[in-house]
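Novice: Sharing a structure here in structure tokens format.
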Amino acid sequence: MKQRIILSPAALEDADFIARIKTDIELWPYEDDVASADRESVHRKVLERMNSEWYKQYIILLDDPERTPIGTLHMHWYVKERKSWEIGFCTFPEYRKQGYCIEAGRIALEYAFKDWNAHKVVGMCNEHNTASCKAMERLGMTREGTFREELPWKNGWADQFFYCILESEYGKM
């Protein structure tokens, strides 16, 4: 199957684009903390992380002549000493439910296990974010647990699901 997307490492000129995405409450309906995020401080944080070895930020682009940006994906150390990384992703609404997050996630998992010597990759999401749950499961990740009432959400609390894929499982995909 032809690859439909490209994971492009974020460059300095992408920092504002990333900060806009990370602070757009329309893109993050399951994360109340986005609504209180200050774009300027998020922009500074994006720039700080840009060239670190512990944080990898990507723009998800369509593999078309325009290289249309359709979202972002990041991975960062979860527990360095245990060789574990955490993955997170977001696509724009008009590109959802078309498999783009799965394609981007597969590329990122390959980087993690083949290039960064990861033992495991984890992902977390709000219990109500069924699309994210399905995406992680399609990536071969297993729901390992539930952090009860972990996330402030809609004037109350939501559980957070914890997913994981091990290097030994990735090799069997």
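Novice: Which condition number does LYS56 fail, the rest of (1) basic (Lys, Arg); (2) buried (at least 18 other Cβ atoms within 10 Å of the Cβ); (3) assigned to a helix (DSSP H, G or I) being met?
Specialist: (3)
Novice: Mind listing just one residue for me: the one in region 11-47 that is surrounded by 12 or more Cβ atoms within 10 Å (Cβ to Cβ) and hydroxyl-bearing (Ser, Thr, Tyr) and, of those, nearest to GLN57 (Cα to Cα)?
Specialist: THR23
Novice: Another one. If you check SER36, SER84, which single one turns out to be of a type in the set (S, T, N, Q) and modelled with pLDDT of 95 or more?
Specialist: Of the residues listed, the single one that is of a type in the set (S, T, N, Q) and modelled with pLDDT of 95 or more is SER84.
Novice: Which numbered condition trips up LEU62, out of (1) more than 26 Å from THR130 (Cα to Cα); (2) in contact with a Ser or Thr (Cβ under 9 Å, 6 or more places away or on another chain); (3) modelled with pLDDT of 95 or more?
Specialist: (1)
Novice: Could you run through region 87-108 and say how many residues are outside any helix (DSSP H, G or I) and surrounded by fewer than 18 Cβ atoms within 10 Å (Cβ to Cβ)?
Specialist: Counting residues in region 87-108 that are outside any helix (DSSP H, G or I) and surrounded by fewer than 18 Cβ atoms within 10 Å (Cβ to Cβ) gives 6.
Novice: Give me the pairs: first residue in region 98-115 and more than 15 Å from SER132 (Cβ to Cβ), second residue outside any helix (DSSP H, G or I) and of a type in the set (Lys, Arg), beta-carbon distance under 8 Å, and six or more apart or on different chains, which are they?
Specialist: Close Cβ pairs (under 8 Å, with a partner that is outside any helix (DSSP H, G or I) and of a type in the set (Lys, Arg)) amount to GLU103/ARG4; TYR111/LYS56.
Novice: Condition test on LYS56, is it closer than 25 Å to ASP16 by Cα and modelled with pLDDT of 95 or more?
Specialist: In short, yes.
Novice: From the list LEU27, LEU73, exactly one residue is part of a loop (DSSP other than H, G, I, E, B), under 23 Å from GLU150 (Cβ atoms) and among the aliphatic types (A, V, I, L, M). Which is it?
Specialist: None of the others qualify; the one that does is LEU27.
Novice: Then there is this: Is it true that LYS134 is closer than 16 Å to HIS76 by Cβ, surrounded by 13 or more Cβ atoms within 10 Å (Cβ to Cβ) and among the charged types (D, E, K, R)?
Specialist: Considered against the rule, which asks whether it is closer than 16 Å to HIS76 by Cβ, surrounded by 13 or more Cβ atoms within 10 Å (Cβ to Cβ) and among the charged types (D, E, K, R), LYS134 comes out as no.
The values are calculated or read from the model by the stated rules, or taken from the named source; none is laboratory data. Remember, predicted model here, so these are calculated numbers, not experimental data. For neighbour counting, all protein chains shown are included, and Cβ atoms are generated from backbone atoms with ideal geometry for every residue, glycine included.
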